[in-house]
Amino acid sequence: MGNEVETELKCLKCGGPFGESTVEGGIVSTPCLACGYVMQGIYCAAVDPQPLWRIRIHWSGKGPTLKEAALLRQFLPKHAHYSIQEVRGLYAGATEWSERMLSKDDMLQLRAAAEARGFQVETEEEGENIVWPKLPMRPITSYGAEFNLSFHPKGAIFATFGELGSQVIIASDRSPTTTETETVDIPLERGVRFLDEIAALDPLGIPNALPSGIDGMTVEGFIREAGGAWKFHAWSPDPRKHPRQHGFILALYQLASDLARQPALIEFLEDLHGYLQAGLPVKVYDGTPRRIR
């Protein structure tokens with residue numbers, strides 16, 4: 001019996017069997033049939049197998065004309081909140097507006113609107129859907145975020161803490177068909193410091209922070225603890241106006257930045273730094289001689 005492998009998940013409190021799971025508000029709940037304990041986690045729906053698309057909308061020169069800026073305001077998301085001169089300023093020196101990871105319906109709608117206004121448009125499939133790292137199925141404490149950056153590849157950071165150890169998982173979409181991923185063990189002292197930083201934010205109560213904006217980044221944060229699971233959304237959270245959302249993201253970034261070793265993922269984290277309002281983009285390496293990047 002000592003060599004048998006347990007394949008069925010048992011209740012952490014009494015060792016009894018779990019019943020059927022239910023999903024409500026994005027949270028999956030699984031009750032123990034013996035003692036009534038309910039295990040919860042974030043519900044992850046199946047990935048839509050349809051391909052995603054990229055679109056490029058070109059104008060006549062370096063930066064849109066007054067007329068082209070006025071036309072862009074008519075159909076591009078959130079541009080209506082800006083004046084014509086502000087739209088020109090956003091794209092001064094640029095020759096196009098582009099967007100990635102669009103559904104086919106969204107791409108077709110944007111293409112039709114742009115072509116109807118005289119713009120030249122290019123579209124192409126992104127390739128295979130991005131595969132993000134899969135977290136362990138066993139009950140585990142985890143904190144993570146997915147980052148959709150305006151001018152850089154998207155990425156994700158997850159920190160997990162459980163019976164089998166603590167790890168940080170870093171992933172970045174470095175090309176339309178490839179996801180760079182690195183998993184690194186978290187040293188005990190560094191993990192304790194991270195958990196203290198997160199606990200001070202009361203993570204299960206972090207609200208959404210979605211002010212309007214064009215550039216920047218959108219963030220989806222994930223929390224899974226013994227007390228429950230939670231998810232929040234934010235757009236380029238400001239450390240003064242949205243300190244909890246910003247603090248959560250900054251703690252993940254700093255943990256990943258301390259431990260990442262793969263060059264492609266170090267580049268992703270350096271790109272991410274520019275969206276975080278986290279001080280000068282400088283990294284100091286211990287040792288002799290001391291190195292500064």
What tally of residues in region 56-65 results from selecting those that are in contact with a strand residue (DSSP E or B) (Cβ under 9 Å, 6 or more places away or on another chain) and open to solvent by less than 30 Å² (accessible area, probe 1.4 Å)? 3
Contacts under 6 angstrom Cβ, first residue in region 189-205 being closer than 12 Å to Gly247 by Cα and touching a residue at least 40 places away in the same chain (Cβ under 8 Å), partner of a type in the set (Phe, Trp, Tyr) and not in a helix (DSSP H, G or I), 6 or more apart: Ile198/Tyr143
Residues (at pLDDT 90 or above and open to solvent by less than 60 Å² (accessible area, probe 1.4 Å)) located in region 66-82: Glu68, Ala69, Ala70, Leu71, Leu72, Phe75
The residue from Arg117, Arg111 that alone is open to solvent by 70 Å² or more (accessible area, probe 1.4 Å), at pLDDT 80 or above and touching a Leu at 6+ places or on another chain (Cβ under 8 Å) is Arg117
Before we move on, is Ser166 crowded, with 16+ Cβ neighbours inside 10 Å and either assigned to a strand (DSSP E or B) or modelled with pLDDT of 80 or more (or both)? yes
Confirm whether Arg100 is at pLDDT below 75 and touching a helix residue (DSSP H, G or I) at 6+ places or on another chain (Cβ under 6 Å). no
Just to be sure I understand the filter: pairs with C-beta atoms under 9 Å, separated by 6 or more residues or on different chains, first member in region 240-259 and farther than 12 Å from Gly191 by Cα, second member among the acidic types (Asp, Glu). Which pairs pass? Arg244/Asp202; Gln245/Asp238; His246/Asp238; Gly247/Glu197; Phe248/Glu197; Leu250/Glu197; Ser257/Glu270
Confirm whether Arg88 is open to solvent by 70 Å² or more (accessible area, probe 1.4 Å) and at pLDDT 80 or above. yes
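The values are calculated or read from the model by the stated rules, or taken from the named source; none is laboratory data. Since the structure is predicted, the reported quantities are computational estimates derived from the model, not experimental observations. With ideal geometry, Cβ positions are generated from the backbone for all residues, glycine too; neighbour counts draw on all protein chains shown. We work out accessible area using only protein heavy atoms, side chains counted, and drop any ligands, DNA or RNA first. Shrake-Rupley method; radii C 1.70, N 1.55, O 1.52, S 1.80 Å.
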